[in-house]
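The structure under discussion appears below in the form of structure tokens.
The values are calculated or read from the model by the stated rules, or taken from the named source; none is laboratory data. Being a predicted model, the structure only gives us computed values, none of them experimental. Every residue, glycine among them, receives a Cβ derived from its backbone with ideal geometry; neighbour counts consider all protein chains shown. Calculation scope for accessible area: heavy atoms of the full protein, side chains included, ligands and nucleic acids excluded. Shrake-Rupley method; radii C 1.70, N 1.55, O 1.52, S 1.80 Å.
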Amino acid sequence: MKLHLSQSGNSHVITGYGEGYVEVNRERHVRSLVVMPERLWTDWSATTFEALAASHLEALAALGREVILLGTGNLLRFPRPELMRSLNQAGIGVEVMDVPAACRTY
């Protein structure tokens, strides 16, 4: 199998990550964000894992994606099932992982 990087000029690409930051298109971000190929949402109000609420995940469900990678910080933590209800009802797959794994997977 041959693997290669595929990106278009308008896509948002994770170019780095480290303790307390994620770099998108070589720009460092130090707060929670949502990265999609065509959109970068830098003002997502879910500022910490503990602050994650059903309304945050409902906003993600409204984006109409097939799969969501949910990075939970430096530790892998799973949201309470009731928080995930809107995504489950919409038939959206969710992969929960720590931020480094989410960055590599994206």
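Quick grid of which residues meet (1) open to solvent by less than 60 Å² (accessible area, probe 1.4 Å); (2) modelled with pLDDT under 95:
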{"site": "1", "(1), (2)": "no, yes"}
{"site": "17", "(1), (2)": "no, no"}
{"site": "22", "(1), (2)": "yes, no"}
{"site": "45", "(1), (2)": "no, yes"}
{"site": "48", "(1), (2)": "no, yes"}
{"site": "97", "(1), (2)": "yes, no"}
{"site": "104", "(1), (2)": "no, no"}
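Among the listed residues 70, 60, which satisfies the condition of being assigned to a helix (DSSP H, G or I) and in contact with a strand residue (DSSP E or B) (Cβ under 7 Å, 6 or more places away or on another chain)? None of the others qualify; the one that does is 60.
Within region 10-25, does at least one residue satisfy the condition of being part of a loop (DSSP other than H, G, I, E, B), out of contact with any Asp or Glu (no Cβ under 7 Å at 6 or more places or on another chain) and in contact (Cβ under 8 Å) with a residue 40 or more places away in the chain? Checked against the condition, which is being part of a loop (DSSP other than H, G, I, E, B), out of contact with any Asp or Glu (no Cβ under 7 Å at 6 or more places or on another chain) and in contact (Cβ under 8 Å) with a residue 40 or more places away in the chain, region 10-25 yields at least one hit.
Mind checking whether some residue in region 83-94 is open to solvent by less than 70 Å² (accessible area, probe 1.4 Å) and part of a strand (DSSP E or B)? Steps first, please.
Initial filter on region 83-94 (open to solvent by less than 70 Å² (accessible area, probe 1.4 Å)): 83-84, 86-87, 90-94.
Okay, now just the ones that are also part of a strand (DSSP E or B), so 93-94.
Among the residues of region 83-94, at least one is open to solvent by less than 70 Å² (accessible area, probe 1.4 Å) and part of a strand (DSSP E or B), which makes the answer yes.
Could you check, for region 52-74, whether at least one of its residues is surrounded by fewer than 16 Cβ atoms within 10 Å (Cβ to Cβ), of a type in the set (A, V, I, L, M, F, W, C) and within 16 Å of residue 105 (Cβ to Cβ)? Yes, region 52-74 contains a residue that is surrounded by fewer than 16 Cβ atoms within 10 Å (Cβ to Cβ), of a type in the set (A, V, I, L, M, F, W, C) and within 16 Å of residue 105 (Cβ to Cβ).
If you take the residues of region 29-51 that are touching a residue at least 12 places away in the same chain (Cβ under 8 Å) and part of a strand (DSSP E or B), which of them is farthest from residue 106 (Cα to Cα)? By that ranking, first place goes to 29.
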